[in-house]
Amino acid sequence: MPKPYHLTAPDGSTYESTTPGELGGNRKDKIYGRLDCWSANLALPKGYAKHRVFFKDEEAAIAAGYRPCGHCLKPRHRVWKAGGEPGSEAYPWRVVSKESRT
């Protein structure tokens, strides 16, 4: 029996998958990034693991309200930071205020 992977769905719930997720994320800060992100990996010994989530793909991360990491996804982060209209092709991220993340 294959190992189950726990992935985060667009609605924020968790589900089991036989396929590992492509991206990791930080539930507290609502950031997603590559699994080999140096910033996320440096934070693991400092307690980051309890906030870590995994996504099937970028579409699932965006639908769950996460934004791209400024370290491992710099081009995507620049587009996110530049703003624009949420839902447009160039700006698919939902705007999440810092107050709503706490």
Residue within segment 59-80 that is of a type outside the set (D, E, K, R), in a helix (DSSP H, G or I) and exposed (fewer than 11 other Cβ atoms within 10 Å of the Cβ) present: yes
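Step by step: first the residues of segment 23-38, then only those that are charged (D, E, K, R) and under 18 Å from P75 (Cβ atoms), then the one that is surrounded by the most Cβ atoms within 10 Å (Cβ to Cβ). Which residue is that? Walk me through how you get there before you give the answer.
Quick first cut of segment 23-38, residues charged (D, E, K, R) only: 27-30, 34, 36.
Now narrow it down to the ones that are under 18 Å from P75 (Cβ atoms): 34, 36.
Numbers: R34: 15, D36: 9.
Once the filter is applied, the top-ranked residue is R34.
Regarding L42, is this residue modelled with pLDDT of 95 or more and surrounded by 10 or more Cβ atoms within 10 Å (Cβ to Cβ)?
No: the conditions fail for L42.
The values are calculated or read from the model by the stated rules, or taken from the named source; none is laboratory data. Every value quoted in this text rests on a predicted model; they were computed, and no experiment measured them. Note that each Cβ is placed from the backbone with ideal geometry, even for glycine, and that neighbours are counted across all protein chains shown.
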